[in-house]
Amino acid sequence: MAESMQGLHRSHRCTEVSGANIGETVTVMGWVAKQRNKGGIIFVDLRDRSGVLQIIFEEDKCGNEAFEKANRLRSEFVIAVTGEVTKRAGAVNENLATGDIEVVAKSIRILSESETPPFPVEENSKTKEEIRLKYRYLDLRRPDLQKKIMLRSKIASEMRSFMSKEGFLEIETPILNKSTPEGARDYLVPSRVHPGNFYALPQSPQIFKQLLMCSGFDRYFQIAKCFRDEDLRADRQPEFTQVDMELSFVDVEDVLEVNERLIKHVCKESIGLDVTLPLPRMKWIDAMNRYGSDKPDTRFGMELCDVSEVVKGCGFGVFTSALEAGGSVRGINAKGQGAMPRKKIDALVDFAKGYGAKGLAYIAIQEDGTCKSSFAKFMTEDEMKALVAAMDGENGDLLLFAADKTTIVWNVLGALRIELGKQMGLIDENQFNFLWVVEFPLLEWSEEENRFKAMHHPFTMPMEEDWQYIDSDPGRVRAKAYDIVLNGVELGGGSVRIHQNDIQSKMFEVLGLSKEVAEERFGFLLSAFKYGVPPHAGLAYGLDRLAMLLTHADSIREVIAFPKVKDASCLMSEAPNVVDEEQLKELGIAIVAGQSEEAEGSAE
């Protein structure tokens, strides 16, 4: 039977007890991680969020009643123990922070009993993630997972501390907003008071933080919940957390400078990492040409090589037809992989097809200098030699080529480079490579919609020297936009915002938004811009992603207390779920049956 806490107060968390407390009486509380009866002495490993402490029960010191209670302890019982701290009688446990001490119990209270858990609460659990997420409250007791969640808290705390000292004001923006369908899908919330009308949950606080700059608050930040109804991946969730900021009277350099110091501070204070400033910068076009990605992982080489000029006019139709269609031919050199079995090369071809490739061409250079190639019969000996030389090919290398529209080639080889980097063990998991990617295109062409779309959002400032091309060559215009990247993951992004009415009106025109549509979607922002708007810029970090990388987690699910799975459901609470018919009636909503397959929860 569970006992109460009356008159009892915890004096220390488990690992707050140390050799300095030897001889003192302490009261500790937590969960039983393990109980071992060694005949006359019972050993209990007590666990709380700080770690594990060994408790010793000896009948002559704690009394018969306490000894009997200790004897019936099982895993995950919640107990309170009062006892004396002593030097450990047995061998020191180097794996525990408290490995040189133990507490000799004087009394015990069983605060709560536990059924046998569905899986062991232990570090590096081998239990399927679906089971662990169903019982997430148990999963969260695992010490390795608790360390990640606590480090996330430390990261957020240090961000708040830095921003406050830099003069940023923490201001909350609304959760129930107006839907502005330009970007990812909104989550919608029906209004009972305004039948037939809906709120949208924010994808970001973008418009409101710009309004705060119009209001004169100068420097704003917020750790904000955001929502996007989109397909999930390892680093995506339907609800996520942004560290959001906006600054007035600044340009690109001002934003990058304060954020570099923020990164340095957070990394040092949270994980003891010294980040060297200034952070390296790379133009968007260079990142794409060298790495096939606007979030390049620079921890290893294997850069892309453009061989379009080398193969121009060659006899291989796959190459020449791609060039004639305005595309390009590029390759990567997997050093030392020339002896890769054909089966593994075929697997790489299938991998590339998953990223839009029609296929992959390859040259496997043997150690004796001979070549095995999927296309050599279409090329002259001189053409092959020139191609190998352009790729810096040496004996034992594997050269892989993609030919298509340049965007597809970048996408394919960028993904293939990362896959090969993993397979070849080229990535140092203990290295942290921060990078600014700058000078993004202002616009990107949408084949589906047959129009230009904003690469970031419609309020991004173009680079002044490129604005002259907005009518003649819109794709040439670069933006005052910047992303911060860590180890191939986009941590955050932002831009200088448009604050001039004429430029903003032109942007809407280029994006195909009429004055009426722009007014309907963004009217309150445009109205505010009529009353004196300062130059302003901002940036937002994905807190989940930053915590994932700094804790070496494999997925953001490991740094979110109660995450969703791939179909955006919660296996523990069973959300989303049906609601009461009366609630729907009140909202004027009817559920129309559709022919859709019922999605199964998956943690993939």
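Please label the shape of region 454-597 as rounded, prolate or oblate, based on the square roots a ≥ b ≥ c of the eigenvalues of the alpha-carbon gyration tensor (a/c under 1.5 means rounded; beyond that, a/b larger than b/c means prolate, else oblate).
Taking the square roots of the gyration eigenvalues as a ≥ b ≥ c, region 454-597 is oblate.
Given the C-alpha centroids of region 493-522 and region 404-429, what is the distance between them in whole angstrom?
So the separation of the two Cα centres works out to 36 Å.
Hey, what did the chain get for relative contact order, percent, Cα under 8 Å, at least 6 apart?
13 percent
Taking a cut-off of 15 Å, what percent of all Cα-Cα pairs in region 411-482 are separated by more than that?
For region 411-482, the fraction of Cα-Cα distances above 15 Å is 66 percent.
P(r) of region 459-508 in 5 Å steps, Cα pairs, percent per bin?
5, 20, 25, 21, 12, 10, 6, 1
What Kirkwood hydrodynamic radius, in Å, does region 224-332 give when the mean of 1/r is taken over all pairs of distinct Cα atoms and then inverted?
One decimal place: 18.4 Å for the Kirkwood radius.
With each label point set 7 Å from Cα along the Cα-Cβ vector, what nm distance links PHE351 and LYS268?
Result for the modelled spin labels: 3.9 nm.
No solvent, one uniform scatterer per C-alpha: report log10 I(q)/I(0) for region 273-393 via the Debye equation at q = 0.13, 0.15, 0.18 1/Å, two decimals.
The Debye formula, applied to the Cα set alone, gives -0.61, -0.79, -1.10.
How long, wide and thick is the chain, going by the Cα atoms along their three principal axes, in whole angstroms, largest first?
93, 73, 55
Put +1 on the Cβ of each Lys and Arg and -1 on the Cβ of each Asp and Glu in the chain; which of PRO205, ILE41, THR25 then has its Cα farthest toward the positive end of the dipole?
Value computed over the given set: ILE41.
Count neighbours as other Cβ atoms within 10 Å of each site's Cβ, and list the GluC sites (Glu not before Pro) in region 140-204 that are DSSP loop with at most 11 such neighbours.
GLU172
From the cross-link list LYS34/LYS147; LYS34/LYS87; LYS225/LYS585; LYS209/LYS564; LYS154/LYS564, which pairs have alpha carbons spaced over 25 Å apart?
LYS225/LYS585; LYS209/LYS564
To check my understanding: the extent here is largest minus smallest coordinate of the Cα atoms along each principal axis. What are those three numbers for region 354-416, in Å, largest first?
34, 22, 18
Of SER75, ILE108, VAL121, which is farthest on the positive side of the dipole of region 1-151, counting Cα position, with +1 on Lys and Arg Cβ, -1 on Asp and Glu Cβ, and the Cα centre as origin?
VAL121
Of all accessible surface on the chain at a 1.4 Å probe, what whole percent is carbon and sulfur?
The C+S portion of the solvent-accessible surface of the chain is 49 percent.
For region 1-115, what number results from the quotient of the Cα radius of gyration and 2.2 N^0.38 Å?
Compactness ratio reported: 0.95.
Of ASN450, ILE408, LEU435, which is farthest along the charge dipole of region 402-469 in the positive direction, counting Lys and Arg as +1 and Asp and Glu as -1 at C-beta?
Ranked along the dipole, the leading option is ILE408.
Is there a quick way to get the dipole size of region 504-543? I mean about its Cα centre, with the Cβ of Lys and Arg at +1 and of Asp and Glu at -1; what is the value in debye to the nearest 20?
Dipole magnitude for region 504-543 comes out near 120 debye.
Just round it to a whole percent: the fraction of Cα-Cα distances in region 53-173 exceeding 18 Å.
Here the long-distance tail beyond 18 Å is 69 percent of all Cα pairs in region 53-173.
Of LYS268/LYS353; LYS312/LYS506; LYS283/LYS344; LYS343/LYS377; LYS178/LYS453, which sit over 31 Å apart, Cα to Cα?
LYS268/LYS353; LYS312/LYS506; LYS283/LYS344
Loop-only check: which GluC sites (Glu not before Pro) in region 341-427 are DSSP coil with at most 15 other Cβ within 10 angstrom?
Those that pass, being in a loop and sparsely packed, are GLU367, GLU394.
Suppose only helical runs count, i.e. DSSP H with n ≥ 4. What mean residue ellipticity at 222 nm does that imply for the chain under -39500 (n - 2.57) per run, divided by all residues and rounded to the nearest 500 deg cm²/dmol?
-8500 deg cm²/dmol
Mind giving me the nanometre distance, one decimal, between the label points for SER472 and ARG233, set 7 Å out from Cα along Cα→Cβ?
Placing both labels 7 Å along Cα→Cβ, they lie 3.7 nm apart.
In nm, what is the difference between 0.36 nm times the number of residues separating GLU113 and GLU520 and their Cα-Cα distance?
140.6 nm
Tell me, what is the per residue accessible area of the chain in Å², probe radius 1.4 Å?
Dividing the accessible area of the chain by its residue count gives 50 Å².
What figure in square angstrom, to the nearest 10, would you give for the accessible area of SER112 with a 1.4 Å probe?
50 Å²
For region 137-270, rounded, prolate or oblate, judged on the Cα gyration tensor with a ≥ b ≥ c (square roots of eigenvalues), a/c < 1.5 rounded, else prolate if a/b > b/c?
In terms of gyration-tensor shape, oblate.
When the gyration tensor of region 476-560 is built from Cα positions, what are the square roots of 5 times its three eigenvalues, in whole Å, from largest to smallest?
35, 14, 13
Can you give the net charge of the other residues whose Cβ lies under 14 Å from the Cβ of SER161, counting K and R as +1 and D and E as -1?
So the environment of SER161 carries a net charge of +2.
If you place +1 on the Cβ of every Lys and Arg, -1 on the Cβ of every Asp and Glu, and leave all else neutral, what size is the dipole of the chain about its Cα centre, to the nearest 20 Debye?
With Lys and Arg at +1 and Asp and Glu at -1, about 1140 debye.
Tally Lys and Arg at +1 and Asp and Glu at -1 over the other residues with C-beta under 13 Å from the C-beta of SER328: what net charge comes out?
My count for the surroundings of SER328 gives -1.
Specify the inter-centroid distance of region 48-97 and region 247-323, based on alpha-carbon positions, in whole Å.
Cα centroid of region 48-97 versus Cα centroid of region 247-323: 53 Å apart.
State the dimensionless ratio Rg/Rh of region 24-80 (Rg: radius of gyration of Cα atoms; Rh: Kirkwood radius).
My calculation of the ratio gives 0.94.
The values are calculated or read from the model by the stated rules, or taken from the named source; none is laboratory data. Not measured: the values here are computed from a predicted model. Positions of Cβ are backbone-derived with ideal geometry, glycine not excepted, and every protein chain shown enters the neighbour counts. What goes into the accessible areas is simple: the full protein's heavy atoms, side chains included, and nothing from ligands, DNA or RNA. Shrake-Rupley method; radii C 1.70, N 1.55, O 1.52, S 1.80 Å.
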